[in-house]
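To keep things clear, I will list the structure first and then write my remarks on it.
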Amino acid sequence: MNVRKSNAVWGVLFAAVGAAAGYGVHLLLPGLPWLTASLILGVLVGSIPQLRPSLDGLFKPGLAIAARRLLRLGIVVLGLQLSLGDIAALGWLAIVLIVALVVVSFFITWLIGRLFRLEGDQAVLMAAGFSICGVSAVGAMSAARGSDDKDTGTPITLVTLYGTLAIVVLPFLAGLLGLTTQQFGHWVGASVHDVGQVVATAQTAGAAALAVAVVVKLTRVLMLAPMVAIASIQTRRRASADAESTTKFPPIVPLFIVGFIVAVLVRSFVPLPVEIVSFANVLQSALLAAALFGIGASLRLERLVRTGARSLAVGLISWIVILALALVVVYVS
């Protein structure tokens, strides 16, 4: 085994340990989702000056593998949590409104990011994360566009921040708005970013709200495939228009997105035992937790601070707009 591969092993193991530690924190603080805890631990580790040499040296190759490949594997396995039958049960009006919500919130967030002059691909990555499915969407969109790694840290941090705030804020607002259990679940599924955050938020209103929230959320997740395909096509056209460009074209539909779609079809047409579905749910969470720890450990807070006010403002405005739009969808549905 050469030195690079050996370092990669150590980095992946370090990310796995971080994910396990994140799960431990989740057990101690059940209101804090496993994935969120893992990202926070990663950020804390990355903020310790004494660990920087190891993070940028020994562990760096493996952390990069965790942040990219494990994230993509987690997205594939996530497909086993969704079936076409669950989506159809929502009714055609609800499905159309959810699709419209994703598209509209994507462009609004992207426009806000451009108005605030976010650097590089941060605007489009934030749009994907806030409108579709949080960290998973940021990773998928980043792969489709060939984004620079430095552009992914801020969007991931912000979708985690505001998604975590939703766990506290939405139940409080639901009481003020007088939402029924079903309406609350629908609102959570239509507005909160990551699946883990949806579960943590919706379960505060009971099993009925949680069931609705998860189906609505996973319907939004299914929009990941067409949105990523569109982004890939645009990237290819942009590179083709540049006569001097040597950019390697990304696939129109990345392989892991194909895997996600296949997993959805398998869940839809193959009678999987409950045990397999439950194991897939745990595996998906473990893969994404390790990926988030790797991302957090590679994140440098001083870089976020430089554009912190603008980035935080974009995230806050987008979050409020999406909450309002999702509430309209709930009432119309």
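The values are calculated or read from the model by the stated rules, or taken from the named source; none is laboratory data. Treat the numbers as computed from the prediction; the structure is a model and nothing was measured. Note that we place each Cβ from the backbone using ideal geometry, even for glycine, and neighbour counts take in every protein chain shown.
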Looking only at the stretch 190-203, decide whether some residue is part of a helix (DSSP H, G or I), farther than 23 Å from His26 by Cα and either at pLDDT below 85 or out of contact with any helix residue (DSSP H, G or I) (no Cβ under 6 Å at 6 or more places or on another chain) (or both). no
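crowded, with 22+ Cβ neighbours inside 10 Å, of a type in the set (S, T, N, Q), at pLDDT 90 or above and under 13 Å from the mean Cα position of the chain (by Cα): is that true of Ser131 in this structure? Walk me through how you get there before you give the answer.
On the way: crowded, with 22+ Cβ neighbours inside 10 Å: yes; of a type in the set (S, T, N, Q): yes; at pLDDT 90 or above: yes; under 13 Å from the mean Cα position of the chain (by Cα): yes.
Considered against the rule, which asks whether it is crowded, with 22+ Cβ neighbours inside 10 Å, of a type in the set (S, T, N, Q), at pLDDT 90 or above and under 13 Å from the mean Cα position of the chain (by Cα), Ser131 comes out as yes.
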Tally of residues being surrounded by fewer than 24 Cβ atoms within 10 Å (Cβ to Cβ) and either free of Cβ contacts under 8 Å to residues at least 24 places away in the same chain or among the aliphatic types (A, V, I, L, M) (or both) across the stretch 103-128: 11
Restrict the check to the stretch 134-152 and report whether at least one residue is within 17 Å of Leu323 (Cβ to Cβ), of a type outside the set (Gly, Ala, Ser) and in a helix (DSSP H, G or I). no
Looking only at residues that are among the hydroxyl-bearing types (Ser, Thr, Tyr) and in a helix (DSSP H, G or I) in the stretch 156-187, which one is modelled with the highest pLDDT? Thr181
Which residue out of Ala20, Ala37 is surrounded by fewer than 21 Cβ atoms within 10 Å (Cβ to Cβ) and within 16 Å of Gln284 (Cα to Cα)? Ala20
Evaluation of Thr109 against (1) farther than 28 Å from Ser333 by Cα; (2) outside any loop (DSSP other than H, G, I, E, B) (one fails), failing number: (1)
Considering only residues that are acidic (Asp, Glu) and either without any contact (Cβ under 8 Å) to a residue 40 or more places away in the chain or surrounded by 23 or more Cβ atoms within 10 Å (Cβ to Cβ) (or both), which ones fall in the stretch 138-155? Asp148, Asp151
